[in-house]
Structure formats: C-alpha cells, structure tokens
Amino acid sequence: MLRSLIAVSLLCVFAHTMVADERAEPGPQPLLQRLPKEGAWVEYFVTIRARGDETQPRWKAASVGRKDVDGEPHRWLELSARNDESVYVVYKGLIPESAFGPGRDPLAKARELWVRQGDGNPRRIRGVEETDPYMALILRGPVNSVEKQAESATVRWQRGNLECEVWVGRNEIDLGLAKVKSSQRLLQHESVPFGIAGAVVELESATEKAKVEFSLTDMGADAKTLLPGIR
C-alpha cells in the first residue's frame, strides 16, 4: 500500500512539473546568441528613423578568432558599423563558447570587451552601454513578455527565402534622467550566423521615439578582424 502511494505521489509530482515547464515563460532572446562556425559573419542593412531623420548604416557580426583561457575555449566576436565612407565603430569581445546558446546573452559574459570609435585607438570597456546604451538595449533583445509567435515569417534576400521563427517582447534601460523602453520583433533562422535573419526594434522615451530595422544582406565564412592588435 505504501509503495502504491509513493508511486502515485511521484507520478503526480512529475505530471505537475511537466505542466509547469510547458507554461513557463520563454527566456530572453538576445540578438546574438548562437555559436557560429569560426570565421562566419553576417551583415545587415540597418534603417534608423529618429527625430525626423533617417540613417542607413551596415552592421556586421563576425567570429574572428579562437583562444583558450584556463583550458576553456573562447571566441573573439566582432561587431562593426559602417556608412558609405568608412567603419565608424568596432566592438571586439572575448567570450566563452559555453556562453552561447538559445536564450543566452554571450556579450554579458565577455572576459574582455574593446571598442574603437572612428580613427581612435581601441580602448577596453565594461559593456556596450558605456559607449552606446541604445545599441546595448537592442543587442540584449526582448527580456519581458517574451513570446514565440505561432506563425513563421519569410525573409527574402539575395540567396532566396528563409522561413523564420518570430519572437516578440519588451525591454528597457534606465539612463538616469530618462527611461527608454523597447519593443522588439526578431526573426530567427538556424542557417544564419548567430541566429538572427532580421529584426524590428521600436524605442520610446518620454520625449522621443525611434525605429530600427535590421535586414539581412549577406553572410559568409571568411571573416577577418578589424582589430588585429587585440588577440
């Protein structure tokens, strides 16, 4: 009799756990979360609409090197932005490979993070928010009210179509005198390095609004670092 009661109790606990897991809310969805092959890169055409103006830089994410630290494999990840004339900002971080994965934020686990702005010298920083809090907010992706949409979305680009998972959610950052809120819609596909095939981010503070759209333009497997002195 006792064994039967224990078995029934364990079965009830197991069933309750399964239901709880099914109802658990999805975790954060950073823009760069999946570990790509070494040398992989992806580039986006970005449209930024703010204060009545529109700018269209290109953003590139790349895996530009491997390094073992205390016996643990790491990757050098590089993010760069350029306009028609030149690259105007480069971020380079050394990140444990174990920090990558669905729902994880690799940039938050960087052992080293560097930035070069314009023609200046690279300097070490604690986080992207030191130089661009808006970009830091975008890179973190949705954290609150995260939801995977039932229907997929098609990304059309120069090599064909990608049927993507759609994730939506919100995030915010406190800048001291102002709080900036974001709503984000991410298009994810496993064939794209780092996982993001497109994104739409709407930013809003008490005084202004902005919209940022990422459109996939190209990807490859021959990435070269823009900061060879950091290795």
- Going through the range 109-123 one residue at a time, which ones are in contact (Cβ under 8 Å) with a residue 24 or more places away in the chain, out of contact with any Leu (no Cβ under 7 Å at 6 or more places or on another chain) and buried (at least 16 other Cβ atoms within 10 Å of the Cβ)? 115
- When both residues are 6+ apart or on different chains and their Cβ atoms are under 7 Å apart, which pairs have a first residue that lies in the range 48-60 and is hydroxyl-bearing (Ser, Thr, Tyr), and a second that is assigned to a strand (DSSP E or B)? 55/48
- In this structure, does residue 220 turn out to be crowded, with 21+ Cβ neighbours inside 10 Å and within 21 Å of the chain's Cα centre (by Cα)? no
- Evaluate the range 163-184: report whether one residue or more is under 19 Å from residue 45 (Cα atoms), surrounded by 18 or more Cβ atoms within 10 Å (Cβ to Cβ) and free of Cβ contacts under 8 Å to residues at least 40 places away in the same chain. yes
- Message: Residue under question is residue 97, and the condition is that it be at pLDDT below 95, acidic (Asp, Glu) and either farther than 18 Å from residue 224 by Cα or surrounded by 15 or more Cβ atoms within 10 Å (Cβ to Cβ) (or both); does it hold?
- Response: no
- Note on the structure: In the range 110-135, anything touching a strand residue (DSSP E or B) at 6+ places or on another chain (Cβ under 7 Å) and among the hydrophobic types (A, V, I, L, M, F, W, C) is listed as 110, 113, 114, 115, 125, 128
- Restricting attention to the range 168-180, does a residue exist that is over 17 Å from residue 50 (Cβ atoms), of a type in the set (A, V, I, L, M) and modelled with pLDDT of 95 or more? yes
- Task: Look at residue 126 and say whether it is surrounded by 15 or more Cβ atoms within 10 Å (Cβ to Cβ) and in a loop (DSSP other than H, G, I, E, B).
- Result: no
- Which one is nearest to the chain's Cα centre (by Cα) among residues in the range 136-164 that are over 27 Å from residue 110 (Cα atoms) and among the acidic types (Asp, Glu)? 163
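Each row is one residue, and each column tells you yes or no for (1) assigned to a strand (DSSP E or B); (2) touching a Ser or Thr at 6+ places or on another chain (Cβ under 7 Å).
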| position | (1), (2) |
| --- | --- |
| 186 | yes, no |
| 200 | yes, no |
| 203 | yes, yes |
| 215 | yes, no |
| 219 | yes, no |
| 222 | no, no |
| 226 | no, yes |
- Select from the range 59-106 the residues that are aromatic (Phe, Trp, Tyr) and in contact with a helix residue (DSSP H, G or I) (Cβ under 7 Å, 6 or more places away or on another chain) and write down the one among them that is farthest from residue 222 (Cα to Cα). 100
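The values are calculated or read from the model by the stated rules, or taken from the named source; none is laboratory data. Predicted model, so just to flag it, every value in this text is computed and none were measured. Quick reminder, even Gly has a Cβ in these numbers, built from the backbone with ideal geometry, and neighbours come from all protein chains shown.
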